[in-house]
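Here the structure comes first, spelled out in structure tokens, and everything after it is commentary.
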Amino acid sequence: MRTGPAQKYMTGFVLTIALVMGSLWSLNAVVDPLWYFKGNQVTGENIVLNERYAKVNRFVRDDTDYDCLIFGSSRMTLFDPTAVKGHTCFNLAVSAGTIDDHLAIARYVKDRGADPDLLIVAAEEFNFLTPIDQSAPMPRFIEAGSLPPAHYLTYTSFSSLSMSIKTLRGQHPVPRYYDDHLMPRVIDGTPHYNPSKVADRAIKASTGWTMTPERADRYAEMKTLFPDADYVVIVPPLSPWLFKTRVIDAPGGLDLYLEAMATVRASADRFFDFATENDLTIDPRNTYDGSHFFPPVLDAVAYTIANDRISNGFGARMTAQMSTDEHKAHYPLDLAAIESEWDYAIAVDDDPEKDELLAGDGPSDPSLTAATNRVPEPGDLLPPTGNAFR
């Protein structure tokens, strides 16, 4: 039977489409920007694109029996889940993550069998600012409570191709990424924080914010979702300069912030505040922007959670019974003293050795933090005599 021109044309057209779609799928699958398989198998660096989609997708497809879940914003994405010794944790922290995001993701993973013994949730000041300065869309499959779209549908799209190209080009939107095990990393050579260069921008950004404690009630809903879990709420480290512009200088300021935190404390089984003034948060070399601290600092947070003890003054444990005045006593209220540190911050920025002190994932001194020993012993990371990173 002879094949007519029209049939030949259609056959060629179909084969061309199949070739294009197959090529699209193959490239996207090997780069895997949304973690359907094993992440980026080309360079091993998975840039931050759509963490809500990628992390939940990875969790759904992972048959590991996780007994610990971690929720927070981008500050907590740098938290190494393997540093919480005695538990198998999955880090579900996402960029611009709010308590509403945490609840949506928590409900989704609970419906798919998540039943953690340990629940770690970050309580962060932007959740109590109006208008809230964090926003990012939630994937439709999470909102609908359905399974993620099949990989052959997602990875034959040009939107996935765009993500793959950005990944291969190393077009990092932020100075951090995930390795091929979904572990957090900071880009090598990332400069540390200098308050003198960002203060004006931070002050302008705070214009129009009002501190409102009403949303603090949402944190009790996390405990309701997982009533049998040890519910640990933490305030992640925050530079005192940034704390000043985002909390103290906001209308309502510290008093309303502490009112919100009192509500959060009442819902938690354990509550640790690492945004208090201490040697680690006041040294700008421990963070690249005052908000995101390098992984070795967060390893110390993990140590405190795992061992239920404060190490060398880093952070403070708060109870539901504490008054707001008792909580306030841990914060940097001596603003003049904070401002006196600016000269130090500027001097650090001019120090040619600063990149050797804290570049990429942190200091190179293995006595401070070593890849083979992610959780340091008390005194290794935080010596009583001063800041380990100075």
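Quick notes on this structure:
- What the Cβ-Cβ distance of residue 317 and residue 180 gives, at R0 = 35 Å and to the nearest 0.05, is a FRET efficiency of 0.45.
- A straight chain from residue 325 to residue 196 at 0.36 nm per residue would run longer than the Cα-Cα distance by 43.4 nm.
- Among the listed pairs 85/223; 85/244; 85/110; 223/244; 38/110; 55/244, those with a Cα-Cα distance over 26 Å are 85/244; 223/244; 55/244.
- Calculated FRET value between residue 23 and residue 221, using beta carbons and R₀ = 45 Å, to 0.05: 0.50
- Given R0 = 45 Å, the distance between the Cβ atoms of residue 307 and residue 150 translates into a calculated FRET efficiency of 0.55.
- Remark: the range 32-142 carries 34 Å² of accessible area per residue (probe radius 1.4 Å; ligands, DNA and RNA excluded).
- Additional length obtainable on full extension of the chain from residue 64 to residue 136, 0.36 nm per residue less Cα span: 23.1 nm
- About the centre of its Cα atoms, the range 229-301 shows a dipole size close to 100 debye [charges on the beta carbon of Lys, Arg (+1) and Asp, Glu (-1) only; nearest 20 debye].
- Derived scalar couplings ³J(HN,Hα) [the range 256-265; Karplus, 6.51 cos²θ - 1.76 cosθ + 1.60; whole Hz; x for Gly, Pro]: 5, 4, 5, 4, 5, 5, 5, 5, 5, 4
The values are calculated or read from the model by the stated rules, or taken from the named source; none is laboratory data. Keep in mind that what you see is a predicted model, and the values were worked out from it rather than measured. Positions of Cβ are generated from backbone atoms using ideal geometry, with glycine treated the same way; all protein chains shown enter the neighbour counts. Note: accessible area is taken over every heavy atom of the protein model, side chains too, but ligands, DNA and RNA are not part of it. Shrake-Rupley method; radii C 1.70, N 1.55, O 1.52, S 1.80 Å.
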